[in-house]
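Undergrad: Here it is, the structure in full.
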Amino acid sequence: MKKYLFLVVLLFAAVCSAAEKPKYLFLFIGDGMSVPQRMIGEEFARTRGETLVMNHMPFSAATRTSSASSLVTDSAAAATAIACGVKTHNGKLGVDTGGKKIESMAEVAKKNGYKVGIITSVNLNHATPGGFFAHRKSRGEGYNIGLDMVNSNFDFFAGGDLFGRNDKKNPNYKGDIMELARKNGYKVVCGADGLKSLTAADKKAVMHSKSGRITAALDGGDPGADLHDMVAKGIELLEGPNGFFMMVEGGAIDWAGHANDAAENLHELLAFDKAIRVAVKFAEKHPAETLIVVTGDHETGGMTMGFAGSGYNLWVDRLANQKVTIGKFAHILKEANKDRKLSFEEVKPLLTEYFGFRFEGKSPMTLKAKEIQYLEKEYAKGKLPAAVRRTISGKAGVGWTSGAHTALPVLTTASGCGAENFSGFIDNTDIAKKFKALMTPVETKGFWEKIISF
Ligand SMILES: [Zn+2]
């Protein structure tokens, strides 16, 4: 705790003067991460004597997330706003409402000599990473977004495998996207061993995991190829005299929000904070040259800290009882029922093992009679995983008002060189504008010098 406090002071002291530009820029985007997600993570960490590094940066800004179509944005319009600086319709990626291509901050970085890295815990051609290199009318154009990715000439990509990467029905089909990446000079590797094998001698590289996402942190993650491993490798590959821009997305925070899985949401958030910590460690070595900005693209799930029925209480530590994601539990339950349908009595030990639910005694995780009846009824209907999800959220005092996104503002926090740009009340498009300005060289020639050189 003290150590991080010291680090924050160090970063605060390291803010560069207004004329100086950061050489190393990190933008961390928690998909579906607003204040409730960040604060549930914070309170959970505090029960263990820790805090989240993302919440303890010297500058912060409440950030409006609306899109051109709605106060409630989707991830494509949000990525376009954050990466390119324009509001567009939900679903559009890297283009304005009229379909015109808008340059992203990553493209500005590349143009100005920075190396560029794009990292995510979900598909590399998903909306958020896509906003930094793709220009398409629809986020659903997986193959075309993949084409934009391998034609971007960016230096490093790491994340989940691409959806639709070998879509032979696409009119633009030229081969599997990863084959095209190789043709364009990328070294393409898969998983932890692949990531480990990359060196600075590999000029351009793509690392993708076997599936469309890194295994959920709560289900054990992908050791050696988790988000923090990718950030560490990205730094190793991109560090150099011209500096770098790196975008890192915690993409599955959103997925857990859509699923209203509180423990999965929490563990994805903690994994995201661990990745930010790698950047903070790097900033310790380059304090006057590094900028770290952490934001969210929107809130997902209408997550609340307390709800009607929880009174003046919140018990986030109870989420520690959940040992697997609801998705994995559904799979475990299906396997257990493979040969014959288990009785509810036979399912009870699974509920104790994976969620800490007790059926007798007086522990905080002991279920009330009506909760047991509810689970039994839902089990009979084949809906136990959803019922368990609601029950454990209730036990923790975590509420959900939606399975979709909400218009809640997000929090942007920043430390290091240029961090003072991210304070007060800002719009998501301001993030692109500030980053673009910070990565564009200052015109040093005076009026007459320009005339003479012209
Ligand atoms: Zn979403």
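The values are calculated or read from the model by the stated rules, or taken from the named source; none is laboratory data. This one's a predicted model, so the numbers in the text were calculated from it and none came from an experiment. A quick note on method: Cβ atoms are made from the backbone with ideal geometry, for glycine too, and the neighbour counts reach across all protein chains shown. When the accessible area is computed, the model is the full protein with side chains, heavy atoms only, and any ligands, DNA or RNA have been set aside. Shrake-Rupley method; radii C 1.70, N 1.55, O 1.52, S 1.80 Å.
Undergrad: Within the stretch 67-93, can you find the residues that are within 26 Å of GLY399 (Cα to Cα), of a type in the set (Ser, Thr, Tyr) and open to solvent by 10 Å² or more (accessible area, probe 1.4 Å)?
TA: Matches in the stretch 67-93: SER67, SER70.
Undergrad: Still on this model: Would you call GLN322 of a type outside the set (Asp, Glu) and open to solvent by 40 Å² or more (accessible area, probe 1.4 Å)?
TA: The answer is no for GLN322.
Undergrad: Moving on. Which one of LYS433, LYS370 is basic (Lys, Arg), open to solvent by 10 Å² or more (accessible area, probe 1.4 Å) and assigned by TED's automatic domain parsing to the domain that holds ALA279?
TA: Testing whether each residue is basic (Lys, Arg), open to solvent by 10 Å² or more (accessible area, probe 1.4 Å) and assigned by TED's automatic domain parsing to the domain that holds ALA279 leaves just LYS433.
Undergrad: Among all residue pairs at least 6 apart or on different chains, which show Cβ distances below 6 Å where the first residue, located in the stretch 404-420, is under 14 Å from ILE292 (Cβ atoms) and the second is within 16 Å of the ligand (Cβ to nearest atom) and open to solvent by less than 10 Å² (accessible area, probe 1.4 Å)?
TA: THR412/THR295
Undergrad: Taking the condition of being in a loop (DSSP other than H, G, I, E, B) and at negative phi, how many residues in the stretch 241-259 meet it?
TA: Residues that pass the stated criteria total 4.
Undergrad: Among the residues in the stretch 404-422, are any modelled with pLDDT of 95 or more, within 30 Å of ASN112 (Cα to Cα) and within 16 Å of the ligand (Cβ to nearest atom)?
TA: For the stretch 404-422, residues modelled with pLDDT of 95 or more, within 30 Å of ASN112 (Cα to Cα) and within 16 Å of the ligand (Cβ to nearest atom): present.
Undergrad: Does GLU345 fit the bill of being part of a helix (DSSP H, G or I) and surrounded by fewer than 16 Cβ atoms within 10 Å (Cβ to Cβ)?
TA: Against the criterion (part of a helix (DSSP H, G or I) and surrounded by fewer than 16 Cβ atoms within 10 Å (Cβ to Cβ)), GLU345 qualifies.
Undergrad: Further question: For the stretch 165-193, give me each residue that is part of a helix (DSSP H, G or I), surrounded by 14 or more Cβ atoms within 10 Å (Cβ to Cβ) and in contact (Cβ under 8 Å) with a residue 24 or more places away in the chain.
TA: ILE177, MET178, LEU180, ALA181, GLY191, ALA192
Undergrad: Residues to consider are GLU371, GLU360, GLU449, GLU376; find the one that is away from the ligand (no atom under 16 Å from the Cβ), free of Cβ contacts under 8 Å to residues at least 24 places away in the same chain and in contact with a helix residue (DSSP H, G or I) (Cβ under 8 Å, 6 or more places away or on another chain).
TA: Going through GLU371, GLU360, GLU449, GLU376 in turn, the sole match is GLU371.
Undergrad: Can you tell me which of THR304, THR325, THR290, THR295 is hydroxyl-bearing (Ser, Thr, Tyr) and within 16 Å of the ligand (Cβ to nearest atom)?
TA: After applying the criteria, what remains is THR295.
Undergrad: State yes or no: is GLY99 at pLDDT 95 or above, over 26 Å from ALA205 (Cβ atoms) and part of a loop (DSSP other than H, G, I, E, B)?
TA: Yes, satisfied.
Undergrad: Continuing with this model, one more query. I need the full set of residues from the stretch 201-220 which are among the acidic types (Asp, Glu) and either touching a Phe, Trp or Tyr at 6+ places or on another chain (Cβ under 9 Å) or assigned to a loop (DSSP other than H, G, I, E, B) (or both), in order please.
TA: ASP202
Undergrad: Can you confirm whether ALA225 is open to solvent by less than 20 Å² (accessible area, probe 1.4 Å) and either more than 16 Å from the ligand (Cβ to nearest atom) or outside any helix (DSSP H, G or I) (or both)?
TA: yes
Undergrad: Let me ask something else. For a quick check of your reading of the model, give me the residue pairs whose first member lies in the stretch 115-144 and is outside the structural domain of ASP155 (by TED's automatic domain parsing) and at positive phi, whose second is assigned to a strand (DSSP E or B) and at pLDDT 95 or above, with beta-carbon atoms closer than 9 Å and at least 6 apart or on different chains.
TA: Hits for this filter: zero, empty list.
Undergrad: Just a yes or no: is a residue in the stretch 273-296 touching a Leu at 6+ places or on another chain (Cβ under 8 Å), surrounded by 17 or more Cβ atoms within 10 Å (Cβ to Cβ) and of a type in the set (Phe, Trp, Tyr)?
TA: No, there is no match, as no residue in the stretch 273-296 is touching a Leu at 6+ places or on another chain (Cβ under 8 Å), surrounded by 17 or more Cβ atoms within 10 Å (Cβ to Cβ) and of a type in the set (Phe, Trp, Tyr).
Undergrad: Mind checking which residues of the stretch 238-270 are buried (at least 24 other Cβ atoms within 10 Å of the Cβ), within 22 Å of GLY191 (Cβ to Cβ) and more than 16 Å from the chain's Cα centre (by Cα)?
TA: Hits for the stretch 238-270: nothing passes.
Undergrad: Only one of these conditions is not met by LYS362: (1) in a helix (DSSP H, G or I); (2) open to solvent by 50 Å² or more (accessible area, probe 1.4 Å). Which number is it?
TA: (1)
Undergrad: For the stretch 18-40, which residues satisfy the criterion of being basic (Lys, Arg) and open to solvent by less than 60 Å² (accessible area, probe 1.4 Å)?
TA: Across the stretch 18-40, the qualifying residues are LYS23, ARG38.
Undergrad: Now for a separate question. Keeping to the stretch 41-61, report how many residues are open to solvent by 40 Å² or more (accessible area, probe 1.4 Å) and either within 16 Å of the ligand (Cβ to nearest atom) or over 22 Å from LEU25 (Cβ atoms) (or both).
TA: 6
Undergrad: I've got another one for you. Quick one: is LEU238 touching a residue at least 60 places away in the same chain (Cβ under 8 Å), within 24 Å of LYS111 (Cβ to Cβ) and touching a Lys or Arg at 6+ places or on another chain (Cβ under 9 Å)?
TA: Here the answer is yes, as LEU238 does meet what is asked.
Undergrad: Only one residue in ARG213, ARG165, ARG182, ARG136 is within 21 Å of GLY30 (Cα to Cα) and basic (Lys, Arg), so which one is that?
TA: ARG213
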